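A short worksheet on the structure shown next.
The values are calculated or read from the model by the stated rules, or taken from the named source; none is laboratory data. Worth saying up front: this structure is predicted, and the values here are computed from it rather than measured. Because the Cβ atoms are built from the backbone with ideal geometry, glycine has one as well, and the counts that use them run over all protein chains shown. Just the protein is used for accessible areas: all its heavy atoms, side chains included, with ligands, DNA and RNA removed. Shrake-Rupley method; radii C 1.70, N 1.55, O 1.52, S 1.80 Å.
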Amino acid sequence: MFATAPAPGTTATHDVGLLVLRIVVGLAMVGHGTQKLFGWFGGPGLSATGKGFTQAGYPAGDAMAVIAGLSETLGGLGLALGLLTPLAGAALIGVFVNVLDVRGLSAFFPPKGVELEVLLLTGALTLTLTGPGRFSVDHFLPVLRESRPRYSVLAVVLGVVMGCVVVLIRD
């Protein structure tokens, strides 16, 4: 019913590489999101995260904490599974536009650097543009498989625009 042949020019190692990248970046983002939402993995939880958003100049800090936590958790799950990958990538790109705005770009390396954020953003951006590969849920969704370039570019634009809109409401 569904074709399982790789796209022209791809190999099994290409798809395994995308799978590994999806799992690592996706689950890292799930961890960050659940830290915010539930305090899991030593995270601050929703109340403390909301206070942090308020201190960073966002209105309605608690609501922003929920939005960020859900974006990271659901975007990360989407990437890890290769499910609705363009939307998952857009959610994470929007998050990282804000993270980089709050953290600033004055230093790349620790202790005040943004290298981890840049690496995670690059992983999400890469997966949004390349697609999740054969070993993904999206591979079995013909609409996403056949229109990858258009949806990929639209998702990147959506993520950047929505991230910038949120930055603009920050004090």
**Q.** In the range 103-117, the residues that are open to solvent by less than 70 Å² (accessible area, probe 1.4 Å) and out of contact with any Leu (no Cβ under 9 Å at 6 or more places or on another chain)
**A.** G104, A107, G113, E115
Q.
Give all pairs with beta carbons closer than 6 Å in which a residue from the range 1-20 that is modelled with pLDDT of 65 or more and basic (K, R) meets a residue that is assigned to a loop (DSSP other than H, G, I, E, B) and open to solvent by 60 Å² or more (accessible area, probe 1.4 Å); count only pairs at least 6 apart in sequence or on separate chains.
A. none
Q: State all residues of the range 100-113 that are free of Cβ contacts under 8 Å to residues at least 24 places away in the same chain and either touching a strand residue (DSSP E or B) at 6+ places or on another chain (Cβ under 6 Å) or within 15 Å of G163 (Cβ to Cβ) (or both); if no residue qualifies, say none.
A: L100, R103, L105
Q: Show the residue pairs that are 6+ apart or on different chains and have beta-carbon atoms under 6 Å apart, the first residue being within the range 39-60 and touching a residue at least 12 places away in the same chain (Cβ under 8 Å), the second being assigned to a loop (DSSP other than H, G, I, E, B).
A: G57/R170; G57/D171; Y58/R170
Q: Would you mind stating whether L100 is aliphatic (A, V, I, L, M) and open to solvent by 50 Å² or more (accessible area, probe 1.4 Å)?
A: no
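Say we look at the range 126-144 and pick out the residues that are open to solvent by less than 80 Å² (accessible area, probe 1.4 Å) and in a helix (DSSP H, G or I); which of these is farthest from N98 (Cα to Cα)?
P142
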Q | Residue in the range 73-96 that is among the hydroxyl-bearing types (S, T, Y), under 23 Å from L141 (Cβ atoms) and in a helix (DSSP H, G or I) present | A | yes
